[in-house]
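The values are calculated or read from the model by the stated rules, or taken from the named source; none is laboratory data. Since the model is a prediction, treat every value here as computed from it, not as a measurement. Just the protein is used for accessible areas: all its heavy atoms, side chains included, with ligands, DNA and RNA removed. Shrake-Rupley method; radii C 1.70, N 1.55, O 1.52, S 1.80 Å.
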Amino acid sequence: MRSPRLAALELRRFGRGRLPRAALVALLVLPLLYGGLYLWSFWNPYGRLDRIPVALVNDDKGATAGGKKITAGDDLVSGLRDSKTFDWHEVSDAEAREGVEDGTYYLSLTMPTDFSERIASSSGDDPETGALRVRTNDANNYIVGQISRTVFNEVRSAASSKASRSFLDKIFISFSGIHDKTVTAAKGADKLNTGLGKAEKGSKDLADGLVDAKSGSGKLAKGIKKLHTGSGDLQEGSRQVADGTQALADKVDGVYAQAGPFLKDNEKTIGDTAGLVADSAKTVQDNLDVLVKHAPPAAKAAHLSATVLADVYKDRCESATVPDPACPQLQKAKQAAADVSGVADDLNTLIADQNGDLTTMRDNLGTLQKQATALQKSAPHLSEDVSDAVKKIDKLNAGAQQVAAGAKKLHTGLTTADTGATTLDAGIGTAKTGAQTLDGGLYKLTDGSGKLAGGLHDGAKKIPDYDKHDRDRRTGVMADPVQLASHDLHQAPNYGTGFAPYFIPLSLWVGAMVAYMLIAPLNRRALAAGSPAWRIALAGWLPVVALGVLQVGALMAVLHWAIGLQMLRAAGTIGFLFLVTACFAAIVQWLNARFGAAGRILVLALLMLQLTSAGGTYPVQTSPGFFNAIHPYLPMSYVVSALRRLITGGGLGPVWQACAVLTAFTVGALALTALAARKRQVWTLDRLHPELSL
């Protein structure tokens with residue numbers, strides 16, 4: 001009898017009575033229960049997080065920053081309620097703590113009292129980070145704790161971004177303020193540079209004027225010094241003349257009665273004395289001419305210097321917008337020049353007042369000289385002229401006394417003038433040096449102010465000046481500078497779709513395992529008839545494959561139309577699952593045929609190994625080394641990988657590889673089953689009395 005007919009006869013057994021029919025229905029429904037119920041329960045847990053009760057505690061008291069009220073806690077609560085991430089319950093901190101402990105709430109989120117204050121501190125001198133407190137209890141549910149950590153990380157990131165925007169906005173506003181102040185400073189530096197340029201030009205003019213003034217004051221000082229020296233000589237000479245004439249007059253008057261005899265006895269002495277008087281009179285007359293000649297030019301030069309210094313002082317210190325730093329020195333120089341000009345005026349006044357006396361004195365000196373010369377000549381016959389000489393000597397003595405008094409007064413005035421002129425010359429010299437120093441300093445200051453203005457203008461160009469639009473755009477970028485440009489290739493729409501490649505082969509393996517609990521792995525009729533081993537193997541395999549095809553159809557129909565599983569390659573998925581159920585049936589058949597009752601335990605053990613090493617939940621690389629080692633040698637590893645490509649998309653390389661591997665497993669398992677059937681055709685004592693029977 002051929003294998004298909006034997007398979008049909010095996011299936012026909014389930015039509016004889018209610019219990020076999022119920023068993024057949026159970027075989028069809030059992031994979032559906034495994035695959036459908038599992039996927040249904042895990043289909044979209046993240047889409048129902050709004051049913052999870054979570055305690056929300058808002059103890060934030062708010063804060064004020066920059067004149068604005070900040071309510072970060074209220075804003076965050078509003079955003080969380082709008083997001084509908086969890087089933088939020090606003091409670092007190094004590095209620096939240098108690099609720100998380102007893103399981104009323106899975107977790108709690110708390111905004112502390114200083115939450116807004118800490119966020120507002122980002123714009124102050126002592127910034128602090130805000131703190132959100134999350135309380136979880138893994139005794140309630142471990143997975144919810146893991147989910148909450150991901151959700152609250154996003155909440156923290158959003159709150160941090162908002163706080164950063166406020167802080168960065170103030171920074172950009174400060175940039176604009178610094179830019180405006182720098183522009184203002186640059187304009188001020190331009191004005192300073194212009195003013196310093198004018199001051200530098202004025203200081204140069206002042207220095208040049210003081211050079212001329214110094215030259216004039218030097219000449220004035222030298223001239224007055226010469227006058228002072230000449231007046232000293234004049235005073236000394238005139239005093240000597242006055243003393244001499246006085247002595248002469250006294251002597252002449254005293255001996256006038258005995259003049260004749262005396263003169264006769266002293267003719268030579270008288271002649272010599274007359275010569276001395278003539279020489280002295282000439283010297284005094286010459287020095288008097290020097291005084292009269294140099295006094296007016298000296299006074300004029302003094303007045304000119306005083307006028308120049310007064311004009312410079314007025315331009316630099318009284319009329320200037322910004323007073324010249326050299327004003328104190330200029331004022332001293334101006335005062336000294338005024339003093340010298342006063343002395344020069346006094347000298348001129350003295351000369352003017354004594355002009356008549358000086359002229360008389362000059363004439364008298366000339367006369368004295370002539371008379372003395374004449375007396376010298378007439379000394380031999382002086383006694384005859386003694387009467388006239390006495391009168392003339394008395395007159396000469398009076399004039400000499402007047403000349404001596406005038407010379408003394410003139411010398412005293414020139415002493416003061418000499419001191420003032422020296423002081424003036426020294427003061428103008430100091431002022432000249434200061435003006436030159438000032439001119440050099442102002443030149444450097446002008447150059448520095450120009451560089452300052454240029455630097456401020458360059459700096460203002462480099463300092464950003466953002467308007468509100470640019471400020472908002474830049475604060476947005478800097479508050480959240482890195483965006484995750486996520487592109488999910490072949491995205492699974494929900495949690496259940498992602499787990500379908502794992503639960504579907506699990507249900508088909510369970511279906512094959514249960515099927516061989518009701519269907520013999522080796523057809524007894526074929527064994528009894530002595531059929532070929534390969535025919536016996538096929539006769540036991542085909543009924544389960546037929547049931548597997550029905551199981552696949554029922555399972556995928558429910559998953560697609562009832563639960564909502566969408567398959568990118570639906571036909572390929574169904575066809576591939578036919579191959580999967582054929583492969584699983586062959587493997588389960590061989591284990592049962594070869595090991596008998598112990599084979600059922602091995603089938604269950606092999607299922608556990610495949611579930612733990614297939615990588616259906618976490619990547620197999622995250623599992624211990626043992627599971628990584630057996631992963632490539634188990635069929636479900638290839639089934640999971642292929643179903644992912646067939647359901648969600650991607651390259652078909654893993655699908656073709658899985659087809660080849662499953663085909664090899666199927667052929668190999670059938671060959672081993674045929675070998676086991678061949679051995680089963682020989683009855684042994686172990687077969688008659690098995691050690692274990694299930």
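Couple of notes before you dig in:
- Exceeding the 30 Å Cα-Cα cut-off - candidates LYS198/LYS334; LYS268/LYS293; LYS251/LYS282; LYS201/LYS225; LYS226/LYS391: LYS268/LYS293; LYS201/LYS225; LYS226/LYS391
- Shown in residue order for segment 667-678 are the 3J(HN,Hα) couplings computed by the Karplus curve 6.51 cos²θ - 1.76 cosθ + 1.60 at θ = phi - 60°: 4, x, 5, 5, 5, 5, 5, 4, 5, 5, 5, 5 Hz (x for Gly and Pro).
- Percent carbon-and-sulfur accessible area, segment 477-630, ignoring ligands, DNA and RNA, probe 1.4 Å: 67
- Each residue of segment 68-79 was assigned a 3J(HN,Hα) from its phi angle through the Karplus expression (A = 6.51, B = -1.76, C = 1.60, θ = phi - 60°), giving 10, 7, 10, 10, 5, x, 4, 5, 5, 4, 4, x Hz with x at Gly and Pro.
- Residues whose amide H comes within less than 5 Å of that of ASP59, counting only those at least five positions distant or on another chain, are MET111 (H built at 1.01 Å from N in the peptide plane).
- Karplus-derived HN-Hα couplings along segment 90-102 (A = 6.51, B = -1.76, C = 1.60, θ = phi - 60°), whole Hz, x at Gly and Pro: 7, 9, 7, 5, 5, 5, 5, 4, 5, x, 5, 5, 8
- Scaling the Cα radius of gyration of segment 497-564 by the globular reference 2.2 N^0.38 Å produces a ratio of 1.42.
- For segment 556-675: accessible area per residue (Å², 1.4 Å): 44
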